[in-house]
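The values are calculated or read from the model by the stated rules, or taken from the named source; none is laboratory data. Bear in mind that the values here come from a model prediction, so they are computed numbers and not experimental data. Virtual Cβ from ideal backbone geometry, glycine too; neighbours counted across all protein chains shown.
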Amino acid sequence: MDVKKRISYDVVVVGAGNAGLVAAIEARNHGARVLLLEKGPRERRGGNSRLADGEFRVAFDKGLPDFEYLLKDSVMPKGQIEIEPYPKDYFYADLMRVTGGLADQQWAETIVNESMSVVHWMKDQGFAGWSLDGSTMIKKDGDKLFWPSGDAVLSAGSGETLVEGLFRIAESKQTDILYETAAQSFITSADGEITGLIARSRDGMIQIDGQAIILACGGFESSPEMRRRYLGEGWDLLKVRGTRNNTGDAFSMALAVGAQTCGHWGCAHASIVSEDSSQIEAVGSNRYSYLFGIMVNTKGRRFVDEGEDFIGYTYAKMGKEVMKQPGGVAYQIFDAKVSQLLKPEYDNVLFSECKTLETLAEEIDIDPDTLVQTVNVYNAAITSGVTFDPSKRDGLRTNGLNPDKTNWALPIDTPPYRAFAVVCGITCSYGGLKVNKKCQVLDTRDIPIEGLYCIGEMSGGLFYHNCPSGTGLVKGAIGGRLAAAEAVAWSSGKAPSTGP
């Protein structure tokens, strides 16, 4: 193939989200000459990480003292702070529970064991923007601010804050970055080693010789064709919460050189978004307060246990339940008692509000008799004598319904009533490439493809059916450090790079 330019580096990182940025930074720390490829333009750099909430789930034993180093430069909320410990065995148990026991045990242990140390490393590199995630905080007992065990995830402020902070660190370490440049195919030696890649830029084709290549370029969620092929009917029509650039290009590249796939290719991170959100990069459209109301389909019937668990353990699978409903649309219904519990995303958005359930049903085009019956049956099935408590799985449930609501089952009986129309939004795919503990990509014989590494959303085997909130960014950062160290060690034994 004719190319406009040929350049050479020790390590080439494909994809500039959280995982790729951490890999680039760590590779520079080890003295490698690093090139970072970003498919998007500079103003939208950062991939899915830019559009994420910036949450990192970490294991800790004591509570607030475990966060003192990370939060010492942060503005803390006013009030007495109490955080329930989240030991490593709790984190591991949660990860295995929500994935149906299918998560790769070795990788699950690595994620859990390294979760706190990787955010300390990020702090040491110069990322200072840590805070406690206020969206999971509960006010109780006057001015006490309480985080239940497992909900005290760290926040980088936002996904944009996270990636811009990491970009500043990478740039300060003289990492070279090419924007609007998409990897297209690998270059291999006669021995089957990856020795570089061909990329397409706005100026034409580039040959990039690399001693080691780290793939950190996400899944295939923004390709309607791949969603339909791997996830099934209807998935090609969904709204996409993530970046428009994750179209699965690197999977085709990897499969062409014999890479092995693994993980849950028939499932994806699919949460609930507003019906009127944009079709792609649907930022700010989350509708995650379903715990405090009920969800009904367009027939006026409940279809899911809204109180199965805290949001962090159910949000990534709830969208699939909405998708199964007629027209792929549902309505979240709340009464006035819980209005103060709804997340900020419910403010200043479109919704229907009425003084009676009958008029609410008419406004959202649901049969009024059916909706009233659904609510009356639900209210009558709520257990008496149990106190509502949003700070824990309170056991305030219904009995005898299909499905029952197993926690936070307050009666819907206080007008005005509100209804929010919601649909499914896909964030990322779960299926990926098979890697070993060094993040090397394995071929279909389980033999490492020399010179090729994979991290972040593109590596499979950890998430099945569901995932706990804040685990994806932790996985990406940990993998980034591991892959960088291994890639630099591999490249150091090769011929020196020749410069751009």
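For this structure, a couple of remarks:
- Test: ALA380 is small (Gly, Ala, Ser), modelled with pLDDT of 95 or more and surrounded by fewer than 15 Cβ atoms within 10 Å (Cβ to Cβ): yes
- Tabulated pairs, region 137-166, first under 15 Å from GLN125 (Cβ atoms), second hydroxyl-bearing (Ser, Thr, Tyr) and modelled with pLDDT of 85 or more, C-beta under 7 angstrom, 6+ apart or interchain: LEU162/SER49; VAL163/SER49
- Single unsatisfied condition, ARG6 versus (1) more than 17 Å from ARG202 (Cα to Cα); (2) surrounded by fewer than 19 Cβ atoms within 10 Å (Cβ to Cβ): (1)
- Yes/no for ILE25 being at negative phi and either touching a Gly at 6+ places or on another chain (Cβ under 6 Å) or not assigned by TED's automatic domain parsing to the domain that holds SER117 (or both): no
- Subset of region 346-362 (residues that are surrounded by 13 or more Cβ atoms within 10 Å (Cβ to Cβ) and either out of contact with any helix residue (DSSP H, G or I) (no Cβ under 9 Å at 6 or more places or on another chain) or β-branched (Val, Ile, Thr) (or both)): VAL349, PHE351, THR356, THR359
- The set of residues in region 410-440 being in contact with a Lys or Arg (Cβ under 9 Å, 6 or more places away or on another chain) and in a loop (DSSP other than H, G, I, E, B) consists of LEU410, PRO411, ILE412, ASP413, THR414, PRO415, PRO416.
Here is a yes/no grid of residues against (1) modelled with pLDDT of 95 or more; (2) closer than 16 Å to LYS123 by Cα; (3) of a type in the set (D, E, K, R):
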residue: PHE60; (1), (2), (3): yes, no, no
residue: LEU64; (1), (2), (3): no, no, no
residue: TYR69; (1), (2), (3): no, yes, no
residue: SER74; (1), (2), (3): no, yes, no
residue: GLY79; (1), (2), (3): no, no, no
residue: GLU82; (1), (2), (3): no, no, yes
residue: PHE91; (1), (2), (3): yes, no, no
residue: ASP94; (1), (2), (3): yes, no, yes
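- Of all residue pairs spaced 6 or more apart or on separate chains, none has beta-carbon atoms under 6 Å together with a first member in region 174-189 that is without any contact (Cβ under 8 Å) to a residue 12 or more places away in the chain and a second member that is aliphatic (A, V, I, L, M) and crowded, with 18+ Cβ neighbours inside 10 Å.
- Residue match in region 241-259 (condition: acidic (Asp, Glu) and closer than 30 Å to ARG200 by Cα): yes
- Between ASN407, ASN402, ASN348, the distinction of being part of a loop (DSSP other than H, G, I, E, B) and in contact (Cβ under 8 Å) with a residue 60 or more places away in the chain belongs to ASN407 only.
- The set of residues in region 149-190 being assigned to a loop (DSSP other than H, G, I, E, B), under 24 Å from ASN245 (Cα atoms) and at pLDDT 95 or above consists of THR175, TYR179, GLU180, THR181.
- Residue within region 152-161 that is surrounded by fewer than 21 Cβ atoms within 10 Å (Cβ to Cβ), more than 17 Å from the chain's Cα centre (by Cα), in the same structural domain as ILE198 (by TED's automatic domain parsing) and β-branched (Val, Ile, Thr) present: no
- Leading residue by the ranking (surrounded by the fewest Cβ atoms within 10 Å (Cβ to Cβ)) among those in region 55-80 that are of a type in the set (Lys, Arg) and in contact (Cβ under 8 Å) with a residue 12 or more places away in the chain: LYS78
- Sole residue being crowded, with 24+ Cβ neighbours inside 10 Å and modelled with pLDDT of 95 or more, chosen from THR444, THR471: THR471
- First in region 25-49 and farther than 19 Å from TRP121 by Cα, second anywhere and among the aromatic types (Phe, Trp, Tyr) and assigned to a loop (DSSP other than H, G, I, E, B), Cβ under 8 Å, 6 or more apart: GLU38/TYR179; GLY40/TYR179; PRO41/TYR179; ARG42/TYR179; ARG45/TYR179
- Region 364-376 residues that are under 16 Å from GLN332 (Cβ atoms), paired with ones that are modelled with pLDDT of 95 or more and of a type in the set (Ser, Thr, Tyr) (beta carbon under 6 Å, 6 or more apart): ILE364/TYR331; ILE364/SER352
- For region 447-481, a residue qualifies if it is assigned to a helix (DSSP H, G or I) and either outside the structural domain of GLY15 (by TED's automatic domain parsing) or within 20 Å of THR261 (Cβ to Cβ) (or both), and the qualifying residues are GLY456, GLU457, MET458, GLY472, LYS475, GLY476, GLY479.
- Looking across region 99-128 at every residue that is surrounded by fewer than 18 Cβ atoms within 10 Å (Cβ to Cβ), under 21 Å from the mean Cα position of the chain (by Cα) and among the small types (Gly, Ala, Ser), the one that is farthest from HIS264 (Cα to Cα) is identified as SER117.
- Taking (1) crowded, with 17+ Cβ neighbours inside 10 Å; (2) not assigned by TED's automatic domain parsing to the domain that holds ARG200 in turn, ASN245 satisfies each apart from (2).
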